[in-house]
Protein chains: 2
Amino acid sequence: MIKVSVMYPNTPGARFDQEYYRDKHMPMVKARMGDNCKSYTVDKGLAGGAPGAPATYIAMCHLFCDSVEAFQAGFMPHVREIMADVPKYTDLTPVLQISEVVVG
Amino acid sequence: MIKVSVMYPNTPGARFDQEYYRDKHMPMVKARMGDNCKSYTVDKGLAGGAPGAPATYIAMCHLFCDSVEAFQAGFMPHVREIMADVPKYTDLTPVLQISEVVVG
């Protein structure tokens, strides 16, 4: 199992609509990817490690797929529609990472 | 539910023992925290978003707790022992973030 993490840096002054992300964008991504995305999670950043420090990321999602190939097969045919939806909830550019799920 | 994410930057030349982290460190953290940590996951970084780009984080763990207070109640009494174990698997300083689990 692999996990694709999409992490939005918590940049001062940036725009991020947590409700749209949770209720519209991520369900759309899952619907388009179908079984190529087994499940997904969404995090809302609350705080950093040091007392009073802000969260590094204002929001993150993690898409769980059987393989990198499954992710690509599910995501790439819809990349244009998915990317076109991003400005509706943020002006941030996310950091993307693919990880192996070592303990799931 | 909250998630405490501990993310180790993928710094060239740094040391990170994935096996020790998975088999020794993280089980020890869970054992010390007891029920204050409901579960945890471990990720091993494979790749970044752009073709050929390295992963931003070489490894991540995510600790799931009922609240920030539960995390602190489980972690703080053992912080000295847990931190003393870190040099056994890495010389990296992790980025720590607390998030609300919006979709779990």
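Assorted remarks:
- Neighbours by Cβ (under 7 Å, 6+ apart or cross-chain): first from the range A:83-104, more than 7 Å from every other protein chain (Cβ to nearest Cβ); second among the hydroxyl-bearing types (Ser, Thr, Tyr) and crowded, with 17+ Cβ neighbours inside 10 Å: A:Tyr89/A:Tyr21; A:Thr90/A:Tyr8; A:Leu92/A:Tyr8; A:Pro94/A:Tyr8
- Checking each residue in the range A:4-28 for being in contact with a helix residue (DSSP H, G or I) (Cβ under 8 Å, 6 or more places away or on another chain) and closer than 14 Å to A:Pro87 by Cα picks out A:Asp17, A:Tyr20, A:Lys24, A:His25.
- Contact map, the range A:29-47: residues that are farther than 17 Å from A:Ile82 by Cβ and more than 13 Å from every other protein chain (Cβ to nearest Cβ) paired with residues that are in a strand (DSSP E or B) and not aromatic (Phe, Trp, Tyr), Cβ distance under 8 Å, separation 6+ or inter-chain. Pairs shown: A:Lys38/A:Cys65.
- For the range B:18-49, filtered to residues that are surrounded by 14 or more Cβ atoms within 10 Å (Cβ to Cβ) and of a type in the set (S, T, N, Q), the residue that is nearest to A:Val102 (Cα to Cα) is B:Thr41.
- Scanning the range A:50-71 for residues that are more than 8 Å from every other protein chain (Cβ to nearest Cβ), under 15 Å from the mean Cα position of the chain (by Cα) and open to solvent by 30 Å² or more (accessible area, probe 1.4 Å) yields A:Ile58, A:Phe64.
The values are calculated or read from the model by the stated rules, or taken from the named source; none is laboratory data. Because the structure is predicted, anything quoted here is derived from the model rather than measured. Every residue, glycine among them, receives a Cβ derived from its backbone with ideal geometry; neighbour counts consider all protein chains shown. The accessibility values were calculated without ligands, DNA or RNA, using every heavy atom of the protein model including side chains. Shrake-Rupley method; radii C 1.70, N 1.55, O 1.52, S 1.80 Å.
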